[in-house]
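**Student:** Shown below is the structure under consideration.
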Amino acid sequence: MTAHKRIKVTDDLGNVAYIHRNQLGWTCTLANGIPASFFYAVGNVDETAFRFHLEDAADDDARLNVVKDHAGPRRKVEFFS
């Protein structure tokens, strides 16, 4: 499995969620380690379609743009390092 960059999403209240790839595919994990719906990272989204967009993105930068497009202007989206 290819290593992909993790994406950190911070909402306007300071809540943090991470979008990353594991053995089962793309997933979302809250800052406290609890697995969560993508709703917590990007808001009301079609979960399956969002995963397809992440899978279809050409590279990590394109994936970051997918998340930014869905997250909207009130969330800070960046690579986690």
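**Student:** Would you please name the residue that is nearest to LYS5 (Cα to Cα), looking only at residues in the stretch 41-81 that are basic (Lys, Arg) and assigned to a helix (DSSP H, G or I)? Give the derivation first.
**Tutor:** Narrowing the stretch 41-81 to residues basic (Lys, Arg): 51, 63, 68, 74-76.
When the remaining residues are screened for being assigned to a helix (DSSP H, G or I), the result is 51, 63, 68.
Working: ARG51: 15, ARG63: 9, LYS68: 15 Å.
My answer is ARG63.
**Student:** Related question: So which residues in the stretch 1-17 are open to solvent by 50 Å² or more (accessible area, probe 1.4 Å) and either β-branched (Val, Ile, Thr) or within 13 Å of ALA71 (Cα to Cα) (or both), if there are any at all? Spell out the reasoning first.
**Tutor:** Step one: of the stretch 1-17, the residues open to solvent by 50 Å² or more (accessible area, probe 1.4 Å) are 1-6, 8, 12-13, 15.
Correct list: THR2, LYS8, ASP12.
**Student:** Please verify whether ARG74 is of a type in the set (D, E, K, R), modelled with pLDDT under 95 and open to solvent by 50 Å² or more (accessible area, probe 1.4 Å), treating the condition exactly as stated.
**Tutor:** Values: of a type in the set (D, E, K, R): yes; modelled with pLDDT under 95: yes; open to solvent by 50 Å² or more (accessible area, probe 1.4 Å): yes.
Answer is yes for this residue.
**Student:** What residue, of ASP60, ASP56, is in contact with a Lys or Arg (Cβ under 8 Å, 6 or more places away or on another chain) and not hydroxyl-bearing (Ser, Thr, Tyr)?
**Tutor:** On the way: ASP56 fails: in contact with a Lys or Arg (Cβ under 8 Å, 6 or more places away or on another chain).
Being in contact with a Lys or Arg (Cβ under 8 Å, 6 or more places away or on another chain) and not hydroxyl-bearing (Ser, Thr, Tyr) holds for just one of ASP60, ASP56, which is ASP60.
**Student:** Something else now. Within the stretch 33-63, how many residues turn out to be over 10 Å from VAL9 (Cα atoms) and either touching a residue at least 12 places away in the same chain (Cβ under 8 Å) or surrounded by 16 or more Cβ atoms within 10 Å (Cβ to Cβ) (or both)?
**Tutor:** Residues that pass the stated criteria total 12.
The values are calculated or read from the model by the stated rules, or taken from the named source; none is laboratory data. Treat the numbers as computed from the prediction; the structure is a model and nothing was measured. Here Cβ is always computed from backbone atoms with ideal geometry, including for glycine, and neighbour counts include all displayed protein chains. Side chains are part of the model used for accessible areas, which takes the heavy atoms of the whole protein and leaves out ligands, DNA and RNA. Shrake-Rupley method; radii C 1.70, N 1.55, O 1.52, S 1.80 Å.
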